[in-house]
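Below you'll find the structure, written out as structure tokens, and then a few comments.
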Amino acid sequence: MATLKHPITIAGGGLAGLSLGVALCRHGVDVTLHEASTYPRHRVCGEFISGVTNDTLRRLGIDHTLAEAVTLTTASWSDAAGPLGSMQVAGCGISRWQLDEKLRQTFTDLGGHLVTGSRIEPGPGIVWATGRPKRPGSWLGLKFHARNLILTHDLEMHMGSTGYLGLARIENGLVNVCGLFRSHAPPKAKGPALLIAHLRAGGLQKLADRLDAADIDATSLCGVAGFRLGSQPGPPFSIGDSACMIPPFTGNGMSMAFESAECALQPALDYACGNQTWDQAAAASKKAHHQRFRRRLAVAGVLHSLLTTRLGMRLTTSLARRRAVPYHLLLQLVR
Ligand SMILES: Cc1cc2nc3c(=O)[nH]c(=O)nc-3n(C[C@H](O)[C@H](O)[C@H](O)COP(=O)(O)OP(=O)(O)OC[C@H]3O[C@@H](n4cnc5c(N)ncnc54)[C@H](O)[C@@H]3O)c2cc1C
């Protein structure tokens, strides 16, 4: 093992920060991670992981954290008028409550220093993994867990006129319910009822009725607003959503958080060993991100616009009804 000269600080203990922290600890680096919140905790997320390879998970030393995730193989797309199509998928479902906690446990077991309840500012020597930066934006993300919700497929995607919603199987027979809605003129409702009201406002009455009849875990409700998709203007050494955010419908954001940690690993090690300055390491990480994510971000951005504008939706659904949407090709292009 090379001699390590510099410790590394990470801001943000979500998927990107914790998985980089674990990988660096496995290489003997002295890592301190500051997390603004505590564990375990719910996060706004569809909780459907797809795209990340076993090689990436093994390189980061986090493959065991997904061992108990539920394997998901079938998916369907619907709009207010009914099913648009179905397909095979390769992915898994696991709550962020469980996944982030497993990563935290691994990080601390390896000797990583974790400081919870600590919100820090950017600076040299700090890898920025703080998730979606707060920026004025028109989207509202909402999620909760539900029981007694029968799914037609492991993953159901529903497109409404004001946004979209995914239902994914996760552990213990739970279903994660997560939607992204336009935040102008939100319906007047609170708690889980707000998500259901958004579905009704978007014309998804049947889906709203299904959720009304389900057993909702109100303690798992969380929401997020004020963010923008695509590349982010963060500090130079940013990873995960702090670096770039892919539209949620792709189900690839968590995979990207892991892959982003992988992109940052060698540059961070080079800095820790004294082979590169902080600025050189940050530039190398940024270049690796650009090469790895450029295409999928561009394709996902175009598809997101199609799925969230009236004209785009009309075009997409009419193509889908004629079975003219190449789901598999599109899925590959956003991975
Ligand atoms: C509505 C919606 C649905 C989604 N659905 C899916 C899906 O089904 N599949 C998928 O793969 N992806 C999905 N995603 C994307 C996925 O959730 C993110 O890409 C992923 O969580 C990014 O991980 P991260 O580590 O970069 O950020 P996060 O998981 O957000 O972690 C960032 C952490 O940093 C902490 N923090 C913030 N500021 C500071 C600070 N200054 N100092 C210290 N700590 C700080 C926060 O408390 C947080 O714990 C979805 C996103 C949204 C919005």
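What follows is calculated from the coordinates using simple rules that are stated; it is not laboratory data. Predicted model only: the values in this text are computed from it and were never measured. Glycine gets a Cβ as well: all are built from the backbone with ideal geometry, and neighbour counts include every protein chain shown.
Near Leu84, the amide H atoms lying under 5 Å from its own belong to Trp77, Ser78, Asp79; only residues 5 or more places off or on other chains count, and H is placed 1.01 Å from N. Diffusion coefficient of the chain by Stokes-Einstein, Kirkwood radius over Cα pairs, 25 °C, 0.890 mPa s: 121 µm²/s. Remark: for residue pairs Lys143/Lys190; Lys5/Lys286; Lys102/Lys190, the C-alpha separation exceeds 20 Å in Lys5/Lys286; Lys102/Lys190. Between helix 278-307 and the chain there is an angle of about 0 degrees, using the helix long axis and the longest principal axis of the Cα atoms.
Note on region 67-135: Cα Rg divided by 2.2 N^0.38 Å, N the number of residues, gives 1.72. When you count the other C-beta atoms within 10 angstrom of each residue and take the mean per peptide, 258-266, 54-62 line up highest first as 258-266, 54-62. Our coupling estimate for region 243-254, obtained by passing each phi through the Karplus curve with A = 6.51, B = -1.76, C = 1.60 and θ = phi - 60°, is 8, 6, 10, 7, x, x, 4, 6, x, 10, x, 5 Hz, Gly and Pro reported as x. Here the chain is assigned +1 on the Cβ of each Lys and Arg and -1 on the Cβ of each Asp and Glu. Its dipole about the Cα centre then comes out at about 1200 debye.
Rounded to the nearest 0.05, what FRET efficiency is calculated for Ile150 and Arg295 with R0 set to 30 Å and r the Cβ-Cβ distance? According to the calculation, E is roughly 0.20. Working note: Karplus 6.51/-1.76/1.60 with θ = phi - 60° gives region 89-101 the couplings 10, 10, x, 8, x, 7, 6, 5, 3, 7, 5, 5, 5 Hz, where Gly and Pro are set to x.
Contact order normalised by length for the chain, with contacts defined as Cα pairs under 8 Å and 6 or more residues apart; what percent is it?
Details: 696 pairs, mean separation 75.2, N = 335.
Reported as a whole number, the value is 22 percent.
Distant-in-sequence amide contacts of Leu33, defined by a placed amide H-H separation under 5 Å and a gap of 5 or more residues or a different chain, comprise Ile10, His113, Leu114, Val115. Quote the Stokes-Einstein diffusion coefficient, in whole µm² s⁻¹, for region 189-335, based on the Kirkwood radius over alpha carbon pairs, a temperature of 20 °C and a viscosity of 1.002 mPa s. For the chosen part, D equals 118 µm²/s.
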